[in-house]
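Here the structure comes first, spelled out in structure tokens, and everything after it is commentary.
The values are calculated or read from the model by the stated rules, or taken from the named source; none is laboratory data. Small disclaimer: the values here were computed from a predicted structure and weren't measured. So basically every Cβ, Gly included, is an ideal-geometry build from the backbone, and we count neighbours across all protein chains shown. Surface areas here come from the heavy atoms of the whole protein model, side chains and all, with no ligands, DNA or RNA. Shrake-Rupley method; radii C 1.70, N 1.55, O 1.52, S 1.80 Å.
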Amino acid sequence: MGTVVSIDIADDLPEERLRELIAGTCEWLHEVDARFSTYKEDSEVSRLRRGELTPAQGSGDLRLVLDRCADLWRETDGYFDAYAGGPLDPSGYVKGWSVEVASARLAAAGSTRHHINAGGDIRMRGAAPGGGPWRVGIRHPWQEDKLAWVLAVREGAVATSGTYERGAHVWNPRTGQPATGLRSVTVVGPDLAVADAYATAALAMGEPGLSWLAQRVTDGYESAAVTEDGRAFTSPGLPVA
């Protein structure tokens with residue numbers, strides 16, 4: 001996935017069981033990377049891009065991701081577009097989805113308190129090791145040693161999309177140019193895959209994404225954003241610590 005993933009399990013379980021849970025999570029994430037990587041020649045996505053595979057011939061996970069990307073394209077008025085850069089690239093959905101699934105698998109296996117962070121896309125369940133909510137620092141979009149916000153989340157997901165680390169990597173599908181107007185977008189909600197896609201879509205929209213994000217509050221998705229000229233915006237229910 002081109003990023004680092006950290007897994008923190010706070011359940012009071014034997015060390016051997018904790019190691020098994022983490023190993024199983026890592027195995028799943030490597031499986032997703034092997035299937036959806038745009039860099040690996042033998043991945044399903046690479047084969048689909050070359051025309052060697054049709055969606056119907058792909059795995060159930062591939063079909064699910066393609067269907068969900070299509071749904072999100074409609075939900076975001078085309079701003080979440082897996083084809084925005086040209087060939088298919090579902091990475092904007094896959095990372096959040098894979099971590100959401102990993103968290104659900106951990107829960108099914110008996111872990112009710114955990115935190116998975118994949119390059120700033122985070123899924124939390126239950127209480128943190130100290131018994132309170134998990135605290136999530138949102139990086140300042142210009143000063144890498146400072147935080148813009150600290151969030152307190154006990155159950156839910158946090159996703160951030162910005163231009164401060166990878167540069168102009170999100171495209172505005174309407175203009176065919178790199179997205180401008182917003183420097184950083186953070187979305188907090190019940191599902192990491194959706195939160196991640198919403199953050200990407202809002203960044204692609206630019207400043208109009210602020211009003212679009214405000215409409216997502218009724219669906220349980222709070223947000224914070226910083227514009228290119230340094231203005232900060234938050235929705236009323238953002239769980240600031």
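Quick one: what pairs do we get from the range 215-231, first residue free of Cβ contacts under 8 Å to residues at least 40 places away in the same chain and part of a strand (DSSP E or B), second basic (Lys, Arg) and surrounded by 15 or more Cβ atoms within 10 Å (Cβ to Cβ), C-beta under 8 Å, 6+ apart or different chains?
Matching pairs, first to second residue: 223/216.
Scan the range 56-65 and give yes if some residue there is outside any helix (DSSP H, G or I), at pLDDT 95 or above and either over 21 Å from residue 200 (Cβ atoms) or over 17 Å from the mean Cα position of the chain (by Cα) (or both), otherwise no. Explain how you work it out, then say what you get.
Quick first cut of the range 56-65, residues outside any helix (DSSP H, G or I) only: 58-59.
Among the residues that remain, those that are also at pLDDT 95 or above are: 58-59.
When the remaining residues are screened for being either over 21 Å from residue 200 (Cβ atoms) or over 17 Å from the mean Cα position of the chain (by Cα) (or both), the result is 58-59.
Checked against the condition, which is being outside any helix (DSSP H, G or I), at pLDDT 95 or above and either over 21 Å from residue 200 (Cβ atoms) or over 17 Å from the mean Cα position of the chain (by Cα) (or both), the range 56-65 yields at least one hit.
Mind listing whichever residues of the range 1-57 are of a type in the set (Asp, Glu) and more than 18 Å from residue 97 (Cβ to Cβ)? Can you show your working first?
Our first condition is that a residue be of a type in the set (Asp, Glu); within the range 1-57, this holds for 8, 11-12, 15-16, 20, 27, 31, 33, 41-42, 44, 52.
Matches in the range 1-57: 8, 11, 12, 15, 16, 20, 41, 42, 52.
Suppose we keep only residues that are β-branched (Val, Ile, Thr) and in contact with a Leu (Cβ under 8 Å, 6 or more places away or on another chain) within the range 199-241. Which one would you say is surrounded by the most Cβ atoms within 10 Å (Cβ to Cβ)?
Of all residues in the range 199-241, those β-branched (Val, Ile, Thr) come to 200, 217-218, 226-227, 234, 240.
Now drop any that are not in contact with a Leu (Cβ under 8 Å, 6 or more places away or on another chain), which leaves 226-227, 240.
Numbers: 226: 22, 227: 16, 240: 12.
Among residues in the range 199-241 that are β-branched (Val, Ile, Thr) and in contact with a Leu (Cβ under 8 Å, 6 or more places away or on another chain), the one surrounded by the most Cβ atoms within 10 Å (Cβ to Cβ) is 226.
Scan the range 72-79 and give yes if some residue there is over 25 Å from residue 51 (Cα atoms), at pLDDT 95 or above and of a type in the set (S, T, N, Q), otherwise no.
yes
If the requirement is being in a strand (DSSP E or B), of a type outside the set (Phe, Trp, Tyr), modelled with pLDDT of 95 or more and surrounded by 18 or more Cβ atoms within 10 Å (Cβ to Cβ), which of these qualifies: 150, 187?
Details: 150 fails: surrounded by 18 or more Cβ atoms within 10 Å (Cβ to Cβ).
The match here is 187.
Against the definition (out of contact with any Leu (no Cβ under 6 Å at 6 or more places or on another chain), assigned to a loop (DSSP other than H, G, I, E, B) and open to solvent by less than 10 Å² (accessible area, probe 1.4 Å)), how does residue 129 come out, yes or no?
Working: out of contact with any Leu (no Cβ under 6 Å at 6 or more places or on another chain): yes; assigned to a loop (DSSP other than H, G, I, E, B): yes; open to solvent by less than 10 Å² (accessible area, probe 1.4 Å): no.
When the stated conditions are applied, residue 129 does not pass them.
Got a number for residues in the range 70-114 being outside any loop (DSSP other than H, G, I, E, B), under 14 Å from the mean Cα position of the chain (by Cα) and within 19 Å of residue 29 (Cβ to Cβ)?
Residues of the range 70-114 outside any loop (DSSP other than H, G, I, E, B): 70-75, 91-108, 114.
Among the residues that remain, those that are also under 14 Å from the mean Cα position of the chain (by Cα) are: 72, 91-103.
This time we only want the ones that are within 19 Å of residue 29 (Cβ to Cβ), so: 91-103.
Residues in the range 70-114 being outside any loop (DSSP other than H, G, I, E, B), under 14 Å from the mean Cα position of the chain (by Cα) and within 19 Å of residue 29 (Cβ to Cβ): 13 in total.
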